[in-house]
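Q: Please find one structure pasted underneath; my questions will follow.
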Amino acid sequence: MKAVSRIVLLAVAFLVGASAGPSRAALRGAAPWPVIPPEETREDVPVVDSRAGAEVLLWERRVEDGRGSFGGFKTIVSQHLRTKVRSESAVEGQSTLVIPFGDGVRVEEVSGRTVLPDGTVVPVDAAAIFQQTLAQAGDVRLRTVRIAFPAVRAGAIVEARWSEVHDDHVTMYEEVELQRSLPIRRLVYSIKPLRGSSFGMRSRAFRIAPAPFVKGPGGFYTTEMKDIPAFRPEPWSPPLAAVRGWMLIYYTGEDEDDADGFWKRVGRSVHAAVDERLEPDRSTRALAREAIGDEERPGEKLRRLHELLRARVRDSSSPGFPEREREKARGRAVKAQKVIERGFGEPEEIDVAFASLARAVGFDARLAFYADRRRFLFHPGLANGYFLRSSCVAVRVDGAWRFFDPGNRFLPWGTLRWGAENALALVPDKDEPEFARMPAAGTDANVERTRLRLRLAEDGSASGDLEIELRGQRAVDERAEIEGLDDEARRERLRKALSTTLAGVEVSEYTIQSPVPAADPVTFRAKLAVPSLATKAGSRLLVAPSVLRRGRSPDPPVSERTNPVFLGYAWTEEDEVTIQLPAGWALEETPGPVRVPSGDFGSLVAVVESAADGSGFVLRRTARTRSGFFPVERYGSFRAFRETIREADDRVVALRRSGTR
């Protein structure tokens, strides 16, 4: 799938190429601080949430779109954050404020202070304001400014102000956060729209309903919200945009009240804009006919065209692709024949080439657009093209639309990323555009199959062989994660994953098979050495047969749940764990099987069997989890299902030496 953003910087837990030092942004002069109401200084009880250790008293954001240098645009975002520290447990977390920003942004006029309960003001020294680089991908960096507040204690107020200057920027489709990790007493958002625009500025809020914008002095429009609860992430929740308060700011001249009419206009407009690029020329027709040969089956024809593209066209967004070639082609909407001729293209261009090849042999093929379910839960009532940020290819086969994503180098033929599964795709047309539902794969398509054979020693240590086979979405995720990593980094990644249940595990003779072009399965093999698989209990050894699944923390209690349960795709875990016992040792008792019949959330079968000759035992475990969206009232049932699996995985068997009691 192709998202609008070309480069995504992932959060990292460590500093990469850190450039840390005092921020020049701190050296600017600052206007006098506004007076803090006396009651805010005296208060010692949270207002929004009595459990909160800290509370945002005021969060002001002031956005001004205007003209920059040389006729371009510029956006200045001025922020003011005032936070009350309520308890000692919150002191450490509120002693530092981190302001993230990317390239093309300057953070200026940074200042801060701590106001003690008795009214004493302790300003932040310029040396306590640092700029750091967190991550870098090529020339693109993710940076932060960090403010270290002095003398923070329970009852104190920490306050910061800063400005973010965005060059060559206008507030177009800007996602504005309306919730933080702390409760917010009062949030004030002001924006000064771009003057002279033929389109009007609009906003659309989600999860939180702000007051209507009111025009004020200086051309600013302001909205205000009060008593906003803290945002707390919960496992198994819908995507962030569906559970966290936010607002979309954009300019448009479209009538969004009539959703049906809106999508018809968009679908016709998109068709007019892209359809010409899909039309094959003579050389594309000849190439497509040669590729399919005498094949008559529609699905097989399309598969051969896909193989042709994978063999001839490289994804220019992949690591190691020459930057010089990428720059030459960047930003140009080219036709399919150009993509095939030059031998590379961006993912969307590869989609164009596939659609053109399909048209060349008689298929009705279009580019289709959808909202990735990993980011948005879309419905056509959201009359805004911003949400349909991903594309694929729709091909009519036997009277119905089939969907393909040839531009995604991590996907095998005929599969979709799970964010596309079950999503509605807009299929453009010059007359009657339509939404069509994309298919979803079942539990057997996404499989994690593990085979582990260990030899247990009397001291509780073990060694043996591991094989993990991944299919479907599990394999897609792994291909994306390991791309660009060398063998040692991949081995270390596996070791860290195993160490969550096998403390101190050592991994050697590591190999991976990941077919290129992408095809299932992705297979890992390695030898393991585990210093403490079993624990001693008197004359016995205790071991959990589900050695790779044990020790999972329980899901949060029902009383704390606020969000629906969202299972984005269905998957299956198949484990076969064989443990060979030390000579003279045997199972004290074979545990009974655990079976959870198939239900709304999935199923489980876990069986432990002794080897016929008594030399060990085997765990065979199959856990299936279904996809779905379940209201918060069903969380208790889902948690019970998960608890049954957790308890089965944590079961322990006792081993004893022959002849002992």
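Q: To the nearest 20 Debye, how big is the dipole of the chain about its Cα centre, given +1 on the beta carbon of each Lys and Arg and -1 on that of each Asp and Glu?
A: On the way: 99 positive and 95 negative charges, 84 e Å.
Here the chain has a charge dipole of around 400 debye.
Q: Per residue of segment 540-552, what does 6.51 cos²θ - 1.76 cosθ + 1.60 with θ = phi - 60° give for ³J(HN,Hα)? Whole Hz please, x for Gly and Pro, Karplus curve as stated.
A: 10, 10, 10, 9, 8, x, 7, 5, 9, 10, 5, x, 6
Q: Using per-residue counts of other Cβ atoms within 10 Å, averaged over each peptide, order 598-610, 340-352 from highest down. Mind dumping the intermediate values first?
A: Details: 598-610: 16.8, 340-352: 21.8.
In descending order of packing, they fall as 340-352, 598-610.
Q: Taking Cα pairs under 8 Å and at least six residues apart, what relative contact order does the chain come out at, in percent?
A: On the way: 1443 pairs, mean separation 66.3, N = 661.
For the chain, the relative contact order is 10 percent.
Q: Can you grab the distance from the C-alpha centre of segment 402-465 to the C-alpha centre of segment 82-115, Å, no decimals?
A: About 40 Å separates the Cα centre of segment 402-465 from the one of segment 82-115.
Q: Given 446, 93, 457, which one lies farthest toward the positive end of the charge dipole of the chain, if we put +1 on the Cβ of every Lys and Arg and -1 on the Cβ of every Asp and Glu?
A: In the chain, that residue is 93.
Q: Ordered by residue, what ³J(HN,Hα) values in Hz, to whole numbers, does segment 91-96 give under the Karplus form 6.51 cos²θ - 1.76 cosθ + 1.60, where θ = phi - 60° and Gly and Pro are x?
A: 4, 4, x, 9, 7, 9
Q: At 222 nm, what helix-only mean residue ellipticity would the chain give, in deg cm²/dmol to the nearest 500, using -39500 (n - 2.57) for each DSSP H run of four or more?
A: Values: 12 runs with 124 residues, N = 661.
That calculation yields -5500 deg cm²/dmol at 222 nm.
Q: Still on this structure, I have one more. At 1.4 Å probe size, with the rest of the protein present, what percent of the exposed accessible area of segment 366-409 is carbon and sulfur atoms?
A: Values: 680 of 1410 Å².
C and S fraction of accessible area: 48 percent.
Q: What accessible area per residue, rounded to a whole number of Å², is obtained for segment 520-610 using a probe radius of 1.4 Å?
A: Working: 3910 Å² over 91 residues.
I get 43 Å² per residue for segment 520-610.
Q: Under a 1.4 angstrom probe, counting protein chains only, how are 418, 246 ranked by accessible area, largest first?
A: On the way: 418 40, 246 20 Å².
Final ranking, largest accessible area leading: 418, 246.
Q: For segment 249-381, with only Lys/Arg (+1) and Asp/Glu (-1) charged at the beta-carbon, what is the dipole magnitude about the Cα centre, in debye rounded to 20?
A: Details: 27 positive and 27 negative charges, 121 e Å.
It works out to roughly 580 debye.
Q: Residue by residue through segment 571-586, what is 3J(HN,Hα) from phi via Karplus (6.51 cos²θ - 1.76 cosθ + 1.60, θ = phi - 60°)? Round to whole Hz and write x for glycine and proline.
A: With the stated coefficients, segment 571-586 comes to 8, 10, 10, 10, 10, 10, 10, 10, 10, 8, 8, x, 4, x, 10, 8 Hz.
Q: Based on the mean of other beta carbon atoms within 10 Å per residue, what is the order of 449-456, 159-166, most packed first? Before the final figure, lay out each step's value.
A: Working: 449-456: 18.8, 159-166: 20.9.
Taking the mean over residues of other Cβ atoms within 10 Å, the ranking is 159-166, 449-456.
Q: Classify segment 208-258 from the C-alpha gyration tensor, please: rounded if a/c falls under 1.5, else prolate or oblate depending on whether a/b exceeds b/c. Numbers along the way, then the final one.
A: On the way: a/c = 3.17, a/b = 1.50, b/c = 2.11.
Taking the square roots of the gyration eigenvalues as a ≥ b ≥ c, segment 208-258 is oblate.
Q: Packing-wise, with mean Cβ within 10 Å as the measure, how do 34-46, 284-296, 544-556, 308-320 rank, highest first? Please report the intermediate quantities before stating the final value.
A: Details: 34-46: 12.1, 284-296: 14.5, 544-556: 17.8, 308-320: 16.2.
By packing density, highest mean first, the sequence is 544-556, 308-320, 284-296, 34-46.
Q: Might you tell me the accessible area per residue for segment 368-433, computed with a 1.4 Å probe and given in Å²? Can you show the working numbers first?
A: On the way: 2200 Å² over 66 residues.
For segment 368-433, the solvent-accessible area averages 33 Å² per residue.
Q: Hey, another quick one. In segment 327-452, what % of DSSP beta bridges are antiparallel (nearest 5)?
A: On the way: 17 of 17 bridges.
Bridges in segment 327-452 that DSSP calls antiparallel: roughly 100 percent.
Q: With the full set of protein chains in place, find how many percent of the accessible area of segment 51-208 is carbon and sulfur; take the probe as 1.4 Å.
A: Values: 3380 of 7030 Å².
C and S fraction of accessible area: 48 percent.
Q: Grab the alpha carbons of the chain, take their convex hull, and tell me the volume per residue in Å³.
A: Per residue, the Cα convex hull of the chain comes to 207 Å³.
Q: When you take every Cα atom in segment 231-348, what is the radius of gyration, and what is Dmax, the widest Cα pair distance, in Å?
A: My reading of the Cα-based Rg and Dmax gives 20.6, 59 Å.
Q: Now for a separate question. Taking amide H positions as placed in the peptide plane 1.01 Å from N, state which residues far from residue 563 in sequence (5 or more) or on other chains have amide H under 5 Å from it.
A: none
Q: OK, next. Given a 1.4 angstrom probe, what's the average accessible area per residue across segment 279-341, in square angstrom?
A: Numbers: 3930 Å² over 63 residues.
Heavy-atom accessible area per residue stands at 62 Å².
Q: Then there's this: Under DSSP H, which helices of the chain have Cα atoms covering 27 Å or more of the helix axis and a Kyte-Doolittle average no less than -1.0? List each step's numbers first, then the result.
A: Details: long enough: 259-278 (28 Å, -0.45).
Helices passing the filter in the chain: 259-278.
Q: Less than 9 Å Cβ to Cβ from residue 588, Lys/Arg counted +1 and Asp/Glu -1: what total charge do the surrounding residues give? Don't skip to the end; give the middle numbers.
A: Details: positive: 540, 656; negative: 589.
Once all neighbours under 9 Å are counted, the net charge is +1.
Q: Now a separate question. Would you mind telling me the share, in percent, of accessible area of segment 523-661 contributed by carbon and sulfur at probe 1.4 angstrom? Don't jump to the answer; show the numbers that get you there.
A: Values: 3290 of 6520 Å².
C and S atoms contribute 51 percent here.
The values are calculated or read from the model by the stated rules, or taken from the named source; none is laboratory data. Just so it is clear, the model here is predicted, and its values are computed rather than measured. Cβ atoms come from the backbone with ideal geometry, glycine included; neighbour counts cover every protein chain shown. SASA here: full protein model, heavy atoms, side chains in, ligands and nucleic acids out. Shrake-Rupley method; radii C 1.70, N 1.55, O 1.52, S 1.80 Å.
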